[in-house]
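First up is the structure itself, then whatever we jot down about it.
Each reported figure results from applying straightforward, stated rules to the coordinates on display, with no laboratory input. Because the structure is a prediction, the values reported are computed rather than measured. Backbone-built Cβ (ideal geometry, glycine too); neighbour counts: all protein chains shown.
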């Protein structure tokens, strides 16, 4: 039986019980794609910890805008992540 690299990685993540945090960390890599170019110019995903994505925002104006859109962004982000969910977005 031939095993692909992806299958081997999935198996290793499950074996060491780190699948969930690693998959949640993917949120940082897809942030720009999810929020689009306009928002990504003013934000930087910093870390994921216990299901929370921490995002640095470059101005109070953009922080306010994102507070209004946080639920929408969270929904789009979790849709892309598929199996693992981010519970909250913390704007700094």
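Brief remarks follow.
- Test result for residue 70, in contact with a strand residue (DSSP E or B) (Cβ under 6 Å, 6 or more places away or on another chain) and part of a strand (DSSP E or B): no
- Qualifying residue in the stretch 33-44 (condition: within 12 Å of the chain's Cα centre (by Cα) and under 23 Å from residue 14 (Cβ atoms)): no
- Subset of the stretch 37-64 [assigned to a helix (DSSP H, G or I) and either surrounded by fewer than 16 Cβ atoms within 10 Å (Cβ to Cβ) or free of Cβ contacts under 8 Å to residues at least 24 places away in the same chain (or both)]: 37, 38, 40, 60, 61, 62, 64
- With respect to the conditions (1) surrounded by 11 or more Cβ atoms within 10 Å (Cβ to Cβ); (2) closer than 30 Å to residue 10 by Cβ, residue 83 lacks only one, and its number is (1).
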